[in-house]
Amino acid sequence: MIQLPRSLKRIAVALALGAGLAHAQSYPNRPVKIVVPFAAGGPADNYARFMAQRLSDELKQPFVIDNKPGAGSIIGTDFAAKSPADGYTLLMMSNAHTVNESLIPNKPFGLMKDFVGIAPVNYSNLLLVVHPSVPVKNVGELIALAKSKPGKLNYASSGNGTPYHMAGELFKHMAGINMTHIPYKGSSGARTDIVGGQVDVMFDAETTMAEFARNGQVRMLGATGVARSTNLPDLPTVAETVPKYEATIWLGFMAPKGTPADIVNKLNAEMRKIVNNPEVKTTWAKQGAVPMSMTVAEFDQYLNADIAKWANIVKVSGAKAD
């Protein structure tokens with residue numbers, strides 16, 4: 001094996017670094033596709049479009065949304081996984097992806113095997129609510145009631161394996177209670193039935209469920225984030241009764257594995273600049289969304305921890321995908 005002189009090694013390293021810097025500086029020089037593996041009009045789609053517009057403004061190239069819903073995000077995510085790793089195809093993902101790692105083990109891709117994390121975007125609280133006929137006024141009373149009637153209380157979700165279902169299973173596990181899961185084909189049917197009193201308990205998005213609470217149709221017991229909602233500052237978190245409980249809906253960006261690190265780092269820096277913008281923070285706060293800002297390495301750790309967290313809940317609950 002030929003050994004290069006130290007001076008030549010230094011030159012080679014400098015040239016490689018210079019090439020990487022030039023690569024990042026020239027990126028992007030054509031439109032960038034953002035694959036959203038969910039239907040148009042939902043939170044992931046809305047925030048993907050928000051970020052796309054801001055990135056287009058900053059980087060002077062179009063960031064174009066490509067909705068590819070289906071099979072619980074599998075279709076669009078698989079398309080992104082098989083796309084060229086050149087920075088011109090990105091994936092808008094959510095914690096549905098980290099749940100699916102254990103919930104759907106026979107997927108045609110592995111999240112951490114076939115993708116690299118770029119940056120998280122934001123998270124939104126869920127609300128733990130009950131129908132007014134359920135005789136509880138706080139999380140502690142709900143836990144006590146559930147323990148006195150094992151399996152008698154039921155909770156609705158938008159479907160097996162959804163974040164709303166997983167929030168309920170995590171709550172059952174951490175609180176040491178048993179409630180019966182009633183899965184629906186989407187959130188609207190579940191909301192209709194908790195408002196009508198056909199089900200007792202539900203975890204649902206703050207942005208939709210808070211209005212039902214204001215109208216007296218459901219009773220809010222707690223928010224599921226680590227901190228109280230800025231829109232509902234008097235509402236305790238579930239974690240104030242069940243320490244370390246957290247079950248939010250969060251969004252982030254990934255790219256196909258092999259995407260150059262300089263491009264990933266450039267996108268990370270631009271996305272963090274956007275989510276840390278005071279105007280953006282104010283706008284999102286009104287929507288119940290909290291910005292998330294992490295380095296690439298921090299996001300990688302976050303993804304792995306979230307995958308492990310939900311793998312345990314999938315295992316103990318026996319949850320299955322629809």
Quiz item: What is the dipole size for the chain, taken about its Cα centre, with +1 at each Lys and Arg Cβ and -1 at each Asp and Glu Cβ, in debye to the nearest 20?
Solution: 460 debye
Exercise. Determine which lysines satisfy two conditions relative to Lys273: a Cα distance under 24 Å, and not lying fewer than 8 residues away in the same chain.
Key: Lys33, Lys60, Lys257, Lys281, Lys286
Quiz item: So how far, in whole Å, is the C-alpha centre of the range 48-118 from the one of the range 219-298?
Solution: 17 Å
Exercise. Assign one of three labels to the range 126-240, namely rounded, prolate or oblate, based on the Cα gyration tensor with a ≥ b ≥ c the square roots of its eigenvalues; rounded applies when a/c is under 1.5, prolate when it is not and a/b is larger than b/c, and oblate otherwise.
Key: rounded
Quiz item: Hey, of [x] 1.04; [y] 0.98; [z] 1.08, which did the structure itself give for Rg/Rh (Cα atoms, Kirkwood Rh) when calculated?
Solution: [x]
Quiz item: What helices in the chain pass both tests, a Cα length along the helix axis of 15 Å or more and a mean Kyte hydropathy of -1.0 or higher, using whole DSSP H runs?
Solution: 6-26, 43-59, 163-175, 261-275, 296-317
Quiz item: Just Asn100, Asn122, Asn154 to compare: in a GNM of the chain, with alpha carbon springs under 10 Å, which one fluctuates most?
Solution: Asn154
Quiz item: How large is the helix-only mean residue ellipticity at 222 nm for the chain, computed as the sum of -39500 (n - 2.57) over DSSP H runs with n ≥ 4, divided by its residue count, in deg cm²/dmol to the nearest 500?
Solution: -14000 deg cm²/dmol
Self-check item: Signed unit charges on C-beta, dipole axis of the chain, positive-most listed residue Ser83, Met292, Phe38
Solution: Ser83
Quiz item: Where does the charge balance sit around Met112 when Lys and Arg score +1, Asp and Glu -1, over other residues with C-beta under 13 Å from its C-beta?
Solution: -1
Quiz item: How high is the FRET efficiency from Ala305 to Lys60, r the C-beta distance, R0 41 Å, rounded to 0.05?
Solution: 0.70
Self-check item: Paramagnetic reach from Glu211 (point 7 Å along Cα→Cβ, amide N under 13 Å) across the range 157-173
Solution: none
Practice problem: Using a 10 Å Cβ count of at most 13 others and DSSP loop calls, identify the longest part of the chain lacking such trypsin sites (Lys or Arg not before Pro). | Solution: 245-319
Self-check item: Pairs of Lys in the range 126-240 closer than 21 Å at Cα, counting only those 8 or more apart or on different chains
Solution: 7
Quiz item: How much length is gained if the chain between Thr192 and Asn138 is pulled fully straight, taking 0.36 nm per residue apart and subtracting their Cα-Cα distance, in nm to one decimal?
Solution: 17.2 nm
Practice problem: Evaluate 2.2 N^0.38 Å with N set to the residue count of the range 212-322, then give the Cα radius of gyration divided by it. | Solution: 1.32
Quiz item: Once the piece of chain linking Val316 and Lys149 is laid out straight, how much longer is it, given 0.36 nm per residue of separation minus the C-alpha distance between them?
Solution: 58.1 nm
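All of the numbers you see were taken from the coordinates with simple rules; none came from a lab. Here the structure is a predicted model, which means the values were calculated and not measured. Using ideal geometry, Cβ is built from the backbone for each residue, glycine included, and neighbour counts are taken over all protein chains shown.
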